[in-house]
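Before we start, here is the structure in question, set down as structure tokens.
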Amino acid sequence: QLSLVESGGDLVQPGGSLRLSCTASGYISDHYIIGWFRQAPGKEREGVGCIGSSDGRALYADSVKGRFTVSRDTSKNTVYLQMNSLNPEDTGVYYCAATYSPRVKACGVNYEYGYWGQGTQVTVSS
């Protein structure tokens, strides 16, 4: 069973930045696709972005495109979500998720992700 742990959530003012980390209990090979999701209070969970296996190509929701970046660091067995220009609408619990995909390399937030972290709280407020 793959275990994922998110960290880096915090209270930040609008316009600020945070970097979230998603660290696996074991080695995350380049066959794993990683997605980032968030859930705001009273709202459904939504996809934020994802990063594909092998080539590391990422996709982003329109609401965060140009502000958020998903990246991998294989040496640290970690995936990051860099969040810039944060606004109050970015508030929520952020989750990372993983799926093993030996053939399909492109990522997508609508995939069946079998492994999920417990989430980390991000609050954007003045």
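For region 18-30, does any single residue satisfy the condition of being open to solvent by 30 Å² or more (accessible area, probe 1.4 Å) and at pLDDT 95 or above?
Scanning region 18-30, I find at least one residue that is open to solvent by 30 Å² or more (accessible area, probe 1.4 Å) and at pLDDT 95 or above, so the answer is yes.
Out of all the residues in region 72-89, which are at pLDDT 95 or above, surrounded by fewer than 18 Cβ atoms within 10 Å (Cβ to Cβ) and assigned to a strand (DSSP E or B)?
Hit for region 72-89 is Gln82, nothing else.
Still on this model: Within the set of pairs 6 or more residues apart or between chains, which connect a residue that is more than 12 Å from Gly108 (Cα to Cα) inside region 54-70 to a residue that is open to solvent by less than 80 Å² (accessible area, probe 1.4 Å) and polar (S, T, N, Q) with Cβ atoms less than 6 Å apart?
Listed pairs, sorted by first residue: Arg67/Asn84; Arg67/Ser85; Thr69/Gln82.
Has region 101-112 got at least one residue that is in contact (Cβ under 8 Å) with a residue 12 or more places away in the chain and part of a strand (DSSP E or B)?
The answer is no, given that none of the residues of region 101-112 is in contact (Cβ under 8 Å) with a residue 12 or more places away in the chain and part of a strand (DSSP E or B).
Follow-up question, since we're still on this one. Collect the residues in region 90-100 that are modelled with pLDDT of 95 or more and either open to solvent by 50 Å² or more (accessible area, probe 1.4 Å) or assigned to a strand (DSSP E or B) (or both), keeping them in residue-number order.
Gly92, Val93, Tyr94, Tyr95, Cys96, Ala97 - these are the residues of region 90-100 that are modelled with pLDDT of 95 or more and either open to solvent by 50 Å² or more (accessible area, probe 1.4 Å) or assigned to a strand (DSSP E or B) (or both).
Can you tell me which residue within region 31-69, out of those that are within 16 Å of Glu6 (Cα to Cα) and among the polar types (S, T, N, Q), is surrounded by the most Cβ atoms within 10 Å (Cβ to Cβ)?
Ranking the qualifying residues of region 31-69, first place goes to Thr69.
The values are calculated or read from the model by the stated rules, or taken from the named source; none is laboratory data. Computed from a prediction, not measured in an experiment: that's the story for all the values here. Positions of Cβ are generated from backbone atoms using ideal geometry, with glycine treated the same way; all protein chains shown enter the neighbour counts. Areas reflect the complete protein model, heavy atoms only, side chains present, ligands, DNA and RNA absent. Shrake-Rupley method; radii C 1.70, N 1.55, O 1.52, S 1.80 Å.
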